[in-house]
Each structure stands twice: as C-alpha cells, then as structure tokens.
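Structure record follows, encoded as structure tokens.
Only the coordinates and a few stated rules stand behind these numbers; no lab work does. Keep in mind it's a predicted model, so treat the numbers as computed, not measured. Please note: Cβ atoms are built from the backbone with ideal geometry, for glycine as well, and neighbour counts cover all protein chains shown.
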Amino acid sequence: YVPKENFGNIEHVINLVDRLRKNINTKVLVVDDSSTSRNLCRALLDVCNFQVIEAVNGQEGLDLINSDNEIRLVIADHYMPIMDGLTLVKEIRRKFSKSALPIIGLSGVGGATTSAYFLKAGANDYIHKPFLVEEFYCRVSHNIENSEYISTIKEMSEIDYLTGICNRRSFFKFGEKLFSQQQRSGATMVAAMIDIDEFKNCNDTYGHIVGDEVIKDVADLLASRFRKGDVVSRYGGDEFCLLCADMKPEEIKHVFDSVKDDIDNKIIKVGEHEIFVTVSIGVCSTMMPSLDEMVLVADKMLYDAKDSGRNQVSY
Ligand code: GH3
C-alpha cells in the first residue's frame, strides 16, 4: 500500500510522528477485513503510541464501539462481509456525533465516489489506498485534534470556570430536559434560587480573590448535597440555581432548611481567614407550565427571603 517514494520526506514524517506521540494510549479502532491493511494501519499507529484495536467487519466494529467508550477514532474500510463500512458509519452516527467519535473511511476501490459516499454517510474524512504515510498521519492527527478541540469548547461553554458546576447556559440545557421528563412522568420538580447574603461585604473585607474561594466553597457544598440527576448551577455572581427531580413533598423543607443551616455553620478557611457566610433561598415546589416560570417563582421567593431578614428559606 505504501509506495517507496512516499518515504521521501522522512523529516516531515518524523515531525508528524513526534506530534502524534503525545496521544499515548489513545484508542483507535481499525475495521477492515484485509489483514494486510489492518497490519499496515496498526504498524503506523503503533509508532505513535496509539492503542490499536481491530475488527474484521462492521458488525464486530460496532460491537466493540458499544462496549468500549474509550475509542477516540475509527478507521473503516468500505467492502467487508456481514456489515460494510458505509453501514457501519451510519450505525455509529445514530449514537455518536462527528465530534464525539470521528471516523475516517478507507478504501482502494471507487476513488472519488467512495470518498463522497463515506462523507455523505457521516464519516469525517477519507483516505484512498494506497496512501502516503504523511497523508495518513495528517488525517489521523487532524481528526483527533479537532475532536479534542470541540470537546474542550463544549466543556467551556457548559461548565462555570470558577466553580466547576453548570453555568447558566447549561442550567437551561439540562434543566429543559429534566423539566420535560418530569412533566411526562407527572412528577413534581423543585426549583431553588440561592444567593449568598451581603456578599459584597465579604469582597470588601477580604478582597475578590478570597471572595472567589467563598463562592467555590458554597458551590462545592451545594454540589455535594444534591443527587447526580439534579442540576446545580452558578446562575451568576454569588447566585446559584438548582433543579431537583423526584423530591418527595415531605422532604423539600428538610432538604433546603438543612442546606441553609449547613452553610450557616460552615467555617470557610481561606489562608489565615476564617469566614462565615449565610445564604437566602427561594423555593418553587409547584410544577409550573414552563421552566422559566419555575425559575421566576423561585427568584421571587428569594426576594421574600432577603426582605424577611436573610439567612432563611422562603417556600
Ligand atoms: P444581598 O444579600 O442583598 O444579595 O447582598 P449582596 O452584597 O450579596 O448583593 P449583590 O448580590 O448585589 O452583590 C453581589 C456581589 O458579588 C457584587 C459582585 O461584585 C460580587 N461578585 C459577582 N461575581 C463575583 C465573582 O465571580 N467573584 C467575586 N469575588 N465576587 C463576585
């Protein structure tokens, strides 16, 4: 598959290999019924420290993908028995987006037509056999890098940088999903708005950097107190918004009163400072027609809690 002259620019290949070596143990699945082709891909990927797994047809490849969530790239041949490469690509795309699991089609038959078929089916890229080693390494590295960039950007757009919990954008993304689920099942969801009391004083007394640590500590406490399926977000500044699914009506008061008390009793240690803060909480425990309305009611209840003297929960 690799004509001799392709090794002409050895420096170029070495540079590519060096770049790819950082992908130590990154898992690549090679799906091809030809052992010669699989062995060649394995040999090239081995040089770069990839962890290579192999399948001899599309069905075997699909089974491996469904049982192993660490596969980061799929290289798929076109013609294979049992399940061909195009069907495999379409099957993978039912579950994984192009950024979640990149696929490179690989074939020696059909030229531009096969390339178009692969791309149309949902492959990210295509390599025609025989290929240049440089092209193989470039396409492998582009596809892995792009997938990593997208997952970093996705994480940055959903996670609050300071606290590591959901930000306001992902609060609504996950919240809308939870709201629809709860609506369908007829269960009641609880929305709560939590705001640190007189936080401006904390910043004025200890400075913004200490203030940041206080926000982080409150976020950690909230994240640890609610279940995995609940949404705990930093709504903005010193304000947090929560959605809790499947909470029994009789436990609502106990849960939020104890969160308020735990924050009240917590000593937040930052450097030589020992800081105490309190929070006010507004709770909406009636299922409203929309998530926006639930947040609005929780916010209104938060204002009640503030107006009534702070360090309390309004239901
Ligand atoms: P209240 O009890 O009425 O809510 O009083 P408050 O002082 O908390 O009032 P307010 O909510 O208006 O003030 C919030 C302060 O939080 C003002 C703002 O400078 C500060 N703040 C917002 N975001 C951050 C942040 O990321 N880090 C730090 N340290 N401070 C922040």
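Overview of results
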read-out: Length-normalised contact order of the stretch 192-286 in % [C-alpha pairs under 8 Å, at least 6 apart]; value: 39
read-out: Cleavage-rule hits (chymotrypsin sites (Phe, Trp or Tyr not before Pro)) in the stretch 95-204: DSSP loop, at most 12 neighbouring Cβ within 10 angstrom; value: 161
read-out: In degrees, nearest ten, helix 291-307 long axis to first principal axis of the chain (Cα); value: 40
read-out: Debye equation applied to the C-alpha atoms of the stretch 192-259, log10 I(q)/I(0) at 0.12, 0.21 Å⁻¹; value: -0.35, -0.89
read-out: Candidate lysines - alpha carbon under 25 Å from residue 253, same-chain residues fewer than 8 apart omitted; value: 177, 216, 228, 266, 300, 306
read-out: Residue among 34, 210, 163 farthest towards the positive dipole end of the chain, charges placed on Cβ; value: 34
read-out: Equivalent ellipsoid, the stretch 21-101 (semi-axes from 5 times Cα gyration tensor eigenvalues, Å); value: 19, 16, 9
read-out: C-alpha long axis of helix 35-47 to longest principal axis of the chain, angle in °; value: 60
read-out: Reach of residue 98 by Cα under 19 Å, taken over lysines that are not fewer than 8 positions away in the same chain; value: 27, 90, 120, 154
read-out: Stokes-Einstein translational diffusion, the chain - Kirkwood Rh over all Cα pairs, 1.567 mPa s, 4 °C, in µm²/s; value: 56
read-out: Calculated P(r) tail over 18 Å for the stretch 182-315, as whole % of Cα pairs; value: 52
read-out: DSSP-assigned coil residues among trypsin sites (Lys or Arg not before Pro) in the stretch 226-315, each with at most 13 further Cβ atoms within 10 Å; value: 227, 228
read-out: Sorted by Cβ density within 10 Å, fewest first, the residues 287, 294, 156; value: 156, 287, 294
read-out: Charge dipole (the stretch 200-315, unit charges on Cβ, about Cα centre) - positive-most of 221, 270, 237; value: 221
read-out: Nearest-20 debye value, the stretch 181-230 charge dipole, Cβ charges on Lys, Arg, Asp, Glu; value: 500
read-out: Residue list for the stretch 34-50, given a label point 7 angstrom along the Cα-to-Cβ vector of residue 21 and an amide N cut-off under 18 Å; value: 43-50
read-out: Sites excluded, GluC sites (Glu not before Pro) in DSSP loops with at most 10 other C-beta within 10 Å, longest stretch of the chain; value: 71-271
read-out: Two-site FRET efficiency, residue 185 against residue 82, from Cβ-Cβ distance with R₀ of 41 Å, rounded to 0.05; value: 0.55
read-out: Estimated [θ] at 222 nm from DSSP helical runs (n ≥ 4, -39500 (n - 2.57)) normalised by residues in the chain, nearest 500; value: -16500 deg cm²/dmol
read-out: Column: log10 I(q)/I(0), Debye, Cα scatterers of the stretch 48-183, q = 0.10, 0.14, 0.19 Å⁻¹; value: -0.42, -0.73, -1.09
read-out: Length released on extending from residue 253 to residue 119, taking residue separation times 0.36 nm less the Cα-Cα span; value: 42.8 nm
read-out: Three principal axis lengths of the stretch 127-259 [C-alpha, angstrom, descending]; value: 68, 47, 19
read-out: Spatial extent of the stretch 273-315: Rg and Dmax, with the Cα atoms as the point set, Å; value: 12.5, 45
read-out: Net dipole in debye of the stretch 206-249 [+1 Lys, Arg Cβ; -1 Asp, Glu Cβ; about Cα centre; nearest 20]; value: 280
read-out: Dipole magnitude of the chain about its Cα centre (Cβ charges: Lys, Arg +1; Asp, Glu -1), debye to nearest 20; value: 980
read-out: Distance between modelled label sites at residue 148 and residue 287, nm, 7 Å Cα→Cβ extension; value: 4.5
read-out: Crossing angle, helix 10-20 versus the chain [Cα axis fit, 0-90 degrees, rounded to tens]; value: 30
